[in-house]
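One structure below.
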Amino acid sequence: AQTVTQSQPEMSVQEAETVTLSCTYDTSESDYYLFWYKQPPSRQMILVIRQEAYKQQNATENRFSVNFQKAAKSFSLKISDSQLGDAAMYFCAYRSGETSGSRLTFGEGTQLTVNP
Amino acid sequence: DAGVIQSPRHEVTEMGQEVTLRCKPISGHNSLFWYRQTMMRGLELLIYFNNNVPIDDSGMPEDRFSAKMPNASFSTLKIQPSEPRDSAVYFCATGRGAINPNEQFFGPGTRLTVL
């Protein structure tokens, strides 16, 4: 079974600074997808960024980028120019691309605080 | 597009009562997932459907939980009888296809409190 681990329960960053959230995963599959979801106080789950395992190029979405290290099974999220609205719980998630199952397996989450 | 619609948004009930949570997927999405979020266990999948057929219900905690998807535009998650440990936020998420790189779109969740 796949597992996802986020070793940082809490992180904080100053507004306009850069922060990196860590995520590692364990899988024996070669085809899979990785995601970062943001959950603000409203509880809504919002997709931030996704990465296909077969792509070597790191995904980027505006101020959000990932550092995908497939051999190390690491998938960190970098937030540049942090804004107050980035404050939320961030979840790393794994999804198999090899089986008919398409469930998301989530990490424990990292609570990000943005200080003005 | 209205997104995934869940109702009710909040539910407070007493132990032993039946609870029914509802989900309307995004039109055209043929995969539907029920997740539960608690402080102790985080986000966990309960069950998911493809083309209205339950594919994997191994995450359903026990027989008190049941889920149905009678058609492509509606799903229910029922707890009978409810217990205080069922208190959680229940999310419905939908997507396209059984094997699909596209993300799952989450509804706003139903916050359930069982007293």
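The values are calculated or read from the model by the stated rules, or taken from the named source; none is laboratory data. What you are looking at is a predicted structure, and each value in this text was computed from that prediction instead of being measured. Here Cβ is always computed from backbone atoms with ideal geometry, including for glycine, and neighbour counts include all displayed protein chains.
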- Message: Anything in region A:73-104 that is under 23 Å from A:GLN57 (Cβ atoms) and small (Gly, Ala, Ser)? List them, or say none.
- Response: A:SER74, A:SER76, A:SER80, A:ALA93, A:SER96, A:GLY97
- (1) part of a loop (DSSP other than H, G, I, E, B); (2) within 12 Å of another protein chain (Cβ to nearest Cβ); (3) buried (at least 20 other Cβ atoms within 10 Å of the Cβ): which one isn't true of A:SER82, the others all being true? (2)
- In region B:76-108, which residues are modelled with pLDDT of 95 or more and within 7 Å of chain A (Cβ to nearest Cβ)? B:VAL89, B:PHE91
- Among the candidates A:ARG43, A:ARG95, A:ARG50, single out the residue that is within 27 Å of B:VAL89 (Cβ to Cβ) and not in a strand (DSSP E or B). A:ARG43
- (1) under 13 Å from the mean Cα position of the chain (by Cα); (2) surrounded by fewer than 16 Cβ atoms within 10 Å (Cβ to Cβ); (3) over 24 Å from B:MET39 (Cβ atoms): which one isn't true of A:PHE64, the others all being true? (2)
- Message: Scan region A:21-30 and tell me whether some residue there is of a type outside the set (Lys, Arg), within 12 Å of chain B (Cβ to nearest Cβ) and touching a Ser or Thr at 6+ places or on another chain (Cβ under 7 Å).
- Response: no
- Run down A:SER74, A:SER42, A:SER30 and say which single residue is surrounded by fewer than 21 Cβ atoms within 10 Å (Cβ to Cβ) and at pLDDT 90 or above. A:SER74
- Message: Looking at the structure I just gave you, is B:ILE55 assigned to a strand (DSSP E or B) and buried (at least 21 other Cβ atoms within 10 Å of the Cβ)?
- Response: no
- Item | Residue list for region B:51-67, filter: over 21 Å from B:GLN80 (Cβ atoms) and either within 8 Å of another protein chain (Cβ to nearest Cβ) or among the hydrophobic types (A, V, I, L, M, F, W, C) (or both) | B:VAL53, B:ILE55, B:ASP56
